Each structure stands twice: as structure tokens, then as C-alpha cells.
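One structure is given here, and the rest of the page talks about it.
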Number of protein chains: 2
Amino acid sequence: MSGVTAGASLLDLVNFDANGLVAAVAQQHDTGDVLMLAWMNRAALEETLATGRVCYYSRSRGKLWRKGETSGQVQHLKELRVDCDGDAVLALVDQTGVACHTGRRSCFYRAARDGGVETILQVEADPESLYGSKG
Amino acid sequence: MSGVTAGASLLDLVNFDANGLVAAVAQQHDTGDVLMLAWMNRAALEETLATGRVCYYSRSRGKLWRKGETSGQVQHLKELRVDCDGDAVLALVDQTGVACHTGRRSCFYRAARDGGVETILQVEADPESLYGSKG
């Protein structure tokens, strides 16, 4: 245990991969629910730390993805942590509404149970209402 | 919410990347602590589900990594979940001892706080005692 290392930046501890990305896990700060896993590049990480709103990098769209910019389901940052080898970050967040585009609280809503797959989370928000025509 | 889909396998829902890997987050099942992020290939995932002991794929060593095989700090699987797009899995585990090779409970032991970086978890186990000469 040590105090704050002044002048050090968490950014300096991150080892971005060959694509300039780091894996980012979002966890609801009070319940402990793991909500999702996505990716950040340096700009996304800087913006997240600067604004307190979680910003990812969308690999499919090839650009910054300000979580909730379309759906309103934003993530307010409570704390950002980095792992021992710097190839993952953990964002403790306060999730507005649902994290998953399917309308479920968490993206991890399917579990291996009893020799099959069980859907363990209910849809809480209509994806159509979150994303409109993109449903 | 639905019941178990018989005959379906969680393995079939995983989209392994171009390197044959999927990101795997380990979370302590009762406290909710996020312990680590590592990678699994199909064989690691199959072994994890079959044995109930978490097995990863070590990218640095290029082979299966049965968590705790050297250190004794094994992870007993409580439940395995997959995310909406199949590119991450969440392992709810019971972690023996510490997850991190630094001897800390979680690999996410450094946080951005007060404009610097703070070490927020104590070393609970001497790495030397966990790994011997590999320290």
C-alpha cells in the first residue's frame, strides 16, 4: 500500500497492443456487476479520464464511441484502474439504464448451466426505444 | 428470461478472434472483485468447462496456462458466462489465495486518483514463495 504517486499518470502504465488498443472492463461500482468488455485507444482513455464519461473505441466503426451517445445509456466514471501488466483497464462506473444493446443490464447475460446455455438476465429496456430504427 | 436451451453449448456462442482467442475476465463469485483479465483459446475454454478449474491460454508462452499450476493459486469455476457478441467471457470463480503474480488479490491494484496513480491493494503473498526462483 502506498500513497498517490504524484506526477505519474495511469496512461503511462497502459501497454496498448499492436492496434493501439487496451481491453476495458466496465463494472457497476456499487453492485459489482460486470457490465461489458470493450476496447479503448489512447484518445478514448484520455477522454474518459478528462470528462468522467466512459468513452471506448469502436473496432467495427473505427472511431471513438462515447457510451450512450445514441442510447442515452451513459457510464459515469467512478474510478479507473489498470492491471499488473498494463494490458487491461477496469472502469468502475455508474451505468445509466442498461449496458447492453439488447436492453439487458449487462452484456454477460448467458451462462453455461446444466449442460446447456441459460439466459439469466431479463430485457429491461426495449432496444427499439434505445436505438430507434437501428433497433 | 428463459430456461436452459438443451443441446446448446456456450462454446458455440464464442467468437474466437483471428488468433483463436477470446478475452476472459475472472471475478470472485461472492465479493464481486474483478481479479484479472486473460485469454482463452477453444481448448482452454473446453478444459475450464470440463474440469471446473480455470485454464487460460498464455500468449507469452504460447500454451495452455492452468491458473495456479505453479503458484497453487487456482481458480475454481462457479459459472461461465458469455457476452452479447461472443467476444468475451466472464468466469465467476473462487480464487485460492491471490490472483496476481505480484501477490495481490487482484491484478487491478493501481487506480487513477487525485491526479496521480495510487496502489490500492496490499501484497498478501510473497511472490518469491509463490513462484520460487522465478520470483
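Tabulated data
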read-out	value
Failed item, numbered, when A:L92 is tested on (1) within 30 Å of A:D12 (Cβ to Cβ); (2) in contact with a His (Cβ under 8 Å, 6 or more places away or on another chain); (3) more than 13 Å from chain B (Cβ to nearest Cβ)	(3)
Odd one out for A:A8, checked against (1) loosely packed, with under 15 Cβ neighbours inside 10 Å; (2) within 10 Å of chain B (Cβ to nearest Cβ); (3) among the small types (G, A, S)	(1)
Index of the failed condition, A:C100 passing every other in (1) more than 11 Å from the chain's Cα centre (by Cα); (2) crowded, with 19+ Cβ neighbours inside 10 Å; (3) within 7 Å of another protein chain (Cβ to nearest Cβ)	(1)
Single match in A:V34, A:V117 (criterion: buried (at least 18 other Cβ atoms within 10 Å of the Cβ) and closer than 30 Å to B:H101 by Cβ)	A:V34
Single match in B:E118, B:E124, B:E128, B:E69 (criterion: out of contact with any Phe, Trp or Tyr (no Cβ under 9 Å at 6 or more places or on another chain), facing another protein chain (nearest Cβ under 7 Å) and among the charged types (D, E, K, R))	B:E118
Residue within region B:103-111 that is over 21 Å from B:P127 (Cα atoms) and within 14 Å of the chain's Cα centre (by Cα) present	no
Options B:R59, B:R42; residue that is at the interface with chain A (Cβ under 10 Å from one of its Cβ atoms), under 16 Å from the mean Cα position of the chain (by Cα) and over 22 Å from A:R81 (Cα atoms)	B:R59
Scope region B:120-135; condition at pLDDT below 95 and either among the polar types (S, T, N, Q) or crowded, with 20+ Cβ neighbours inside 10 Å (or both); matching residues	B:S129, B:L130, B:S133
Test: residue in region B:62-77 that is touching a helix residue (DSSP H, G or I) at 6+ places or on another chain (Cβ under 6 Å), closer than 30 Å to A:D30 by Cβ, β-branched (V, I, T) and buried (at least 16 other Cβ atoms within 10 Å of the Cβ)	no
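The values are calculated or read from the model by the stated rules, or taken from the named source; none is laboratory data. Keep in mind that this is a model prediction, so the values were computed, not measured. As a convention, Cβ positions derive from the backbone with ideal geometry for all residues, glycine included, and neighbour counts pool all protein chains shown.
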